[in-house]
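Readers should treat all values here as calculations from the given coordinates under stated rules, not as data from a laboratory. Everything numeric here is computed off the predicted structure, so don't read it as measured data. Cβ: placed from backbone, ideal geometry, glycine included. Neighbour counts: every protein chain shown.
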Amino acid sequence: MAAIRLIGLDPGLQKTGWGVIEADGNRLRFVARGVVATDGQAPMASRLLELYRGLTEIFRSHEGHVAAVEETVVNRNPDTSLRLGHARGVILLAAAHAGMEVHEYAAKAIKRAVVGTGAAEKRQVAMMVRTLLPSAGAVTGDAADALAVAICHAHHRATALRLDAALRMAPVPS
């Protein structure tokens, strides 16, 4: 398996967390993390442009091969869900425009891949991210969630590659 650079993204209009890792099979290496924040007082179109520009810079500077994005959780407040949907749309567009392969994962799948249970709490996810990527430092919040998305994709990718290799080696029935 060849190493691949993954960029995990935790969508938000106020703050979008991002985390970059390199995955080589089951080996993970931390590269970078951060948050793209937008001005909460600016008009929606300006905030979406600010998010797009921030992501474009991250994608350019970190040269990711794959973007992994957390799927939207529908909130009780329809306005919040709509704003989050706008942010996710910009994230998906920016990643596709950068030429990256894009994968999306439900929050429960991310928690299950990183912690072992889909019902994990945020602090448990952050603790496991620090355990799996010790050089990431005291990562919390949106950046921890973004790194968890990248780790989730790395695990799914490694499993898919192993399964594909096993299937290629299996005898063909006559």
GNM flexibility winner over the chain from 144, 42, 109 (Cα, springs under 10 Å) = 42
key: Residues in region 1-36 that a label on residue 138 would reach, taking backbone N under 18 Å of a point 7 Å out along Cα→Cβ   = 33-35
remark   = The computed P(r) of region 1-72 puts the percent of Cα pairs beyond 19 Å at 37 percent
request  = In a Gaussian network model over the chain where Cα atoms closer than 10 Å are linked, find which of 82, 163, 92 has the largest mean-square fluctuation.
outcome  = 163
message = What does DSSP give for region 4-169 in terms of the percent of beta bridges that are antiparallel, rounded to the nearest 5?
response = 65 percent
query = Taking the Cα centre of the chain as the origin, how large is its charge dipole in debye, to the nearest 20, when only Lys and Arg (+1) and Asp and Glu (-1) carry charge on their Cβ atoms?
reply = 360 debye
task = Report the residue, chosen from 114, 31, 66, that carries the largest GNM mean-square fluctuation when the chain is represented by alpha-carbon nodes joined by springs under 10 Å.
result = 31
request  = Have a look at 68, 87, 172 and report the one farthest towards the positive end of the charge dipole of the chain, computed about the Cα centre with Cβ charges (Lys/Arg +1, Asp/Glu -1).
outcome  = 172
key: Principal-axis tilt of helix 78-97 within the chain, Cα atoms, nearest 10 degrees   = 60 degrees
request  = Could you check the simple spin-label distance between residue 2 and residue 127, using points 7 Å along Cα→Cβ, in nm with one decimal?
outcome  = 3.9 nm
message = Can you report the principal axis dimensions of region 4-169 using only the alpha carbons, biggest first, rounded to whole angstrom?
response = 55, 33, 30
